[in-house]
Structure formats: C-alpha cells, structure tokens
Amino acid sequence: MTSADTGRVCWGFLGAGFVAARAVGPAVHAGRHAQLQAVAARDGERAESLAPKGQALGSYQAVLEDDSVD
C-alpha cells in the first residue's frame, strides 16, 4: 500500500535503535495520517519489535527500494 491508497504517509526506518524505538516510532504509530511501513536493522528482532505494517527488512537498501514506502 502507498499513501495514495491509504491517505497516510508510509514511513520506512533505517535502523531500530533508541531514537526509532522511543521517539520516532511511537510518534508515527500515534499519528492519524502516518504508518510505519518498513524497518531495516542489523538485528531483525529489533526491527520486528517496531511493528511495521509492511515488513522488517534485512537491508537499508531494501527499504530505500520498497515502493510501499513514501
């Protein structure tokens, strides 16, 4: 899905560290017009823990190339 389909900005995170987990992630999840679409991290479990709507990916390049990410 893309923002054109959902009316939301579909975010992709490069990394799942402290800032993503404690600041930006919760803000995106709380936003009415935002959704966390994809996350890439060296640690797949940390990426999954951010609960992306799309998927946890194994590389930063994969997030950059993901058409579902705005």
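Numbers for the structure displayed
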item: Candidate set from the range 1-14 (those that are small (Gly, Ala, Ser) and modelled with pLDDT under 95); member that is nearest to the chain's Cα centre (by Cα); result: 3
item: Enumeration of residues in the range 7-26 that are buried (at least 19 other Cβ atoms within 10 Å of the Cβ) and among the aromatic types (Phe, Trp, Tyr); result: 11, 13
item: Residue among 15, 58 that is at positive phi and in contact (Cβ under 8 Å) with a residue 12 or more places away in the chain; result: 15
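The values are calculated or read from the model by the stated rules, or taken from the named source; none is laboratory data. What you are looking at is a predicted structure, and each value in this text was computed from that prediction instead of being measured. Using ideal geometry, Cβ is built from the backbone for each residue, glycine included, and neighbour counts are taken over all protein chains shown.
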